[in-house]
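Undergrad: This is the structure, below, for whatever I ask next.
The values are calculated or read from the model by the stated rules, or taken from the named source; none is laboratory data. It should be emphasised that the depicted structure is a prediction, and the values quoted were computed from it without experimental measurement. Neighbour counts are summed over all protein chains in view; Cβ atoms, including those assigned to glycine, are modelled from backbone coordinates with ideal geometry. The protein model used for the area step is the full one, side chains on, heavy atoms only, and it has no ligands, DNA or RNA in it. Shrake-Rupley method; radii C 1.70, N 1.55, O 1.52, S 1.80 Å.
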Amino acid sequence: MEKLQNFIQFISQDLMTNPLLQRGAIALGLLSLLFSVLSVYVILRRLAYIGQGISYSAYGGLALGLWLFPALSTPDWRVYAVTAGYCLIVAGLICLCSRRGLIAEDGAIGIFMSTGIAGGLFFFSLQGQHPVALHNYLFGDVLATGS
């Protein structure tokens, strides 16, 4: 019990005094509010699988962006733009295929999800090696939020 109290005291003192942790906590709080509102819409529309499908296809967009704009030591906004555009195109294609009745929505999501991963592997193979900044692009860093 004493270790838990020491841990809580350590976290609360650091959070109150360290501006880097304060910005990270604010960013996490805002994201949790946003995602809690969006999750209701996603569940009511029965689109729970869409998040996974788009995030997996983002791997293909990221690989395309890193192939078009070889990675620097820090993440580049152009790579993010290509990734976001790729994801929007995939979401549009999923919508187009499912709305026209060509395939069920979950089937279209699964097809584009696996295609995105395959595209990512293809573009990464063209580079010959995985870029150093791949982890930063895929997962980011909550402590790197600006002031």
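Undergrad: Residue under question is Tyr59, and the condition is that it be open to solvent by 50 Å² or more (accessible area, probe 1.4 Å) and not acidic (Asp, Glu); does it hold?
TA: Judged against the criteria, Tyr59 is not a match.
Undergrad: Separate question: Looking at (1) assigned to a helix (DSSP H, G or I); (2) hydrophobic (A, V, I, L, M, F, W, C); (3) modelled with pLDDT of 80 or more, which is the only condition Ile103 fails?
TA: (1)
Undergrad: Scan the stretch 6-51 residue by residue and report those that are of a type in the set (D, E, K, R) and on the phi < 0 side of the Ramachandran plot.
TA: Across the stretch 6-51, the qualifying residues are Asp14, Arg23, Arg45.
Undergrad: Anything in the stretch 1-53 that is closer than 30 Å to Ser98 by Cα and among the aromatic types (Phe, Trp, Tyr)? List them, or say none.
TA: Selection gives Phe35, Tyr41, Tyr49.
Undergrad: Give the number of residues within the stretch 62-89 that are over 14 Å from the mean Cα position of the chain (by Cα), modelled with pLDDT of 85 or more, exposed (fewer than 13 other Cβ atoms within 10 Å of the Cβ) and not charged (D, E, K, R).
TA: Final tally of qualifying residues: 1.
Undergrad: Go through the residues of the stretch 94-104 one by one and say whether even a single one is among the charged types (D, E, K, R), closer than 19 Å to Phe123 by Cα and open to solvent by 80 Å² or more (accessible area, probe 1.4 Å).
TA: no
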